[in-house]
Each structure stands twice: as structure tokens, then as C-alpha cells.
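Scroll down for the structure; my scribbles are underneath it.
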Amino acid sequence: MPKFFVENENIKSNKIYITEDYNHIKNVLRKNVGDELEVCNKNNGDNFLCSILNILSEEIECEIIKKVKSEAESKLKVTIFQGLPKQEKMELVIQKCIELGAYEFVPLEMKNCVVKLKEKDKIKKIERWQKIAEVAAKQCGRDIVPRVNNICNINEVINQMKNFDSVIVAYENEENYSIKSEINKLKQKENINKVAIIIGPEGRNRQTGDTKIKRKWSKHRYTWKTNFKNRNSGNSTNKHFNV
């Protein structure tokens with residue numbers, strides 16, 4: 001069943017008013033009065049089974065049939081810090097990470113990033129990436145729309161590390177640890193609720209990224225050897241976590 005997100009203000013008593021996906025519901029899915037939809041409050045994750053009451057000129061009025069219990073979201077909150085890749089690869093990375101359960105996504109500027117975005121272009125990119133995250137969340141039945149944050153640099157990432165219980169860094173020259181072994185260790189630990197995963201771009205990040213993290217922050221930091229294409233690294237990690 002199709003799932004759609006609405007703001008809290010669109011839910012009034014036992015009615016829900018859908019505006020953002022009006023055209024998709026009416027003209028693409030060709031839904032009619034009486035058809036059922038699943039609607040999620042993007043502010044708190046509440047899910048509702050609804051029936052279409054009216055298709056108006058700019059909104060679809062739905063009646064709530066019942067509140068639906070959902071367990072789509074993991075208790076483990078995984079934030080992906082992804083170095084900017086070339087071309088449109090970031091869109092695929094965001095899509096797959098959201099589908100696999102990532103809680104939050106942070107684009108990361110690093111010295112070896114081929115992509116160098118101008119300040120005026122960053123806002124447009126974030127808006128597009130956020131829309132991709134929302135579409136992915138709808139398609140896989142998430143209860144939230146994961147946030148795509150503003151683009152940051154490695155120093156800003158380091159300052160955020162204190163907010164996480166554990167940090168995992170993809171490092172191609174790592175010789176002692178594998179992603180599977182380190183994630184298995186984390187699964188045995190208690191009180192691991194927030195995990196950060198840092199993945200570099202196509203170029204190496206050992207001098208400008210991983211070395212700084214080693215020097216400035218070492219709480220529960222793990223690395224694993226990887227030769228993945230960067231579009232697969234975050235996906236693989238989410239899969240191992242079973243988020």
C-alpha cells in the first residue's frame with residue numbers, strides 16, 4: 001500500500017489533508033474516493049490507515065480508519081558521513097542508505113574530493129538530496145524522513161564525534177580489523193544507541209581525514225579495511241548492523 005508523509009498540522013481530529021503528494025495520488029496512482037492510503041506523521045512517526053473522503057482542487061481529504069503500529073525504525077541510530085563522490089553517485093548513496101535504515105546523512109568535504117561545490121550550489125544540492133531521501137523513505141515504508149544535513153568538513157565532523165557512542169571509519173590501509181568483526185563487537189556492547197560511519201570519497205583520506213580522527217578523537221573508534229566503491233560502503237555497514 002502506498003505510504004505518504006504529512007506535517008503534524010495536516011492532521012486535524014480524525015481527518016488528514018494531503019497536499020504535497022496531491023498530483024501523484026490523483027494523476028499517477030489514480031486513486032479515487034474510498035481508496036485506502038497509509039499516511040505517516042513525519043514529525044513523530046505515527047502511522048495511520050486512511051480512506052479518501054474527497055479529492056479537492058489542491059488537497060486530498062482523508063478520514064482516519066485506525067492508527068497503525070509500526071516497527072520500521074531501529075533503536076540504533078546510524079549517521080552516515082559520506083565524502084562527496086563524483087557525478088551523481090551521492091544520490092544513489094543516499095537512496096540506498098535510507099532504504100537500509102540510516103537515521104541521518106551528512107555530506108562531507110575532504111581534501112581529496114574531486115567535487116568542489118560553490119557555496120551557492122550547496123543549498124540546491126541539499127534540497128535535492130533531501131527530496132531523494134524522502135522518496136526513498138516512502139518507497140521502503142520508513143516512519144521518518146531521515147535528514148540530509150548541510151555539507152561539512154572533517155574538522156566539523158570531529159567536533160560532532162562526542163555525540164556518538166561509537167565511530168566507524170572506512171580506511172583502505174587497515175590491516176587488523178574487518179567491518180564484520182568490529183560490528184559484531186559493537187553488537188555485544190551495551191548502551192550503543194548512536195553510531196557514526198565515516199566514508200571517504202574516491203581518493204584516499206588517510207592523511208586529511210582518518211589521521212585527524214585518530215589524533216583528536218579515539219572514543220570507541222573502529223576502522224575496517226575496505227576497497228569498496230564509496231557508493232557501497234555505507235550500504236554494506238547498514239546491512240551488517242541490520243538497522
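The values are calculated or read from the model by the stated rules, or taken from the named source; none is laboratory data. Keep in mind the model is a prediction, meaning the values are calculated, not measured. Here the Cβ is made from the backbone with ideal geometry for all residues, glycine too, and neighbour counts use every protein chain on show.
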(message) Looking only at the range 28-61, count every residue that is under 22 Å from residue 142 (Cβ atoms) and basic (Lys, Arg) and tell me the total.
(response) 2
(message) For the range 46-53, check the following and say yes or no: at least one residue is assigned to a loop (DSSP other than H, G, I, E, B), modelled with pLDDT under 95 and touching a Cys at 6+ places or on another chain (Cβ under 9 Å).
(response) yes
(message) Exactly one of these conditions fails for residue 19: (1) crowded, with 16+ Cβ neighbours inside 10 Å; (2) out of contact with any Lys or Arg (no Cβ under 8 Å at 6 or more places or on another chain); (3) touching a residue at least 40 places away in the same chain (Cβ under 8 Å). Give me its number.
(response) (1)
(message) Tally up the residues in the range 77-113 that are touching a Leu at 6+ places or on another chain (Cβ under 7 Å) and not aliphatic (A, V, I, L, M), please.
(response) 6
(request) Search the range 171-206 for residues being part of a helix (DSSP H, G or I) and more than 23 Å from the chain's Cα centre (by Cα), and hand back the single one that is nearest to residue 81 (Cα to Cα). (result) 206
(message) Take the residues in the range 129-155 that are farther than 23 Å from residue 8 by Cα and surrounded by 15 or more Cβ atoms within 10 Å (Cβ to Cβ); name whichever of them is modelled with the lowest pLDDT.
(response) 154
(request) Output the number of residues of the range 74-123 satisfying the condition of being over 15 Å from residue 137 (Cβ atoms) and of a type in the set (Gly, Ala, Ser). (result) 1
(request) Return a yes/no flag: does the range 47-68 have any residue that is among the aromatic types (Phe, Trp, Tyr), surrounded by 15 or more Cβ atoms within 10 Å (Cβ to Cβ) and in contact (Cβ under 8 Å) with a residue 60 or more places away in the chain. (result) no
(message) Among the residues of the range 186-199, are any modelled with pLDDT of 90 or more, touching a strand residue (DSSP E or B) at 6+ places or on another chain (Cβ under 7 Å) and surrounded by fewer than 17 Cβ atoms within 10 Å (Cβ to Cβ)?
(response) yes
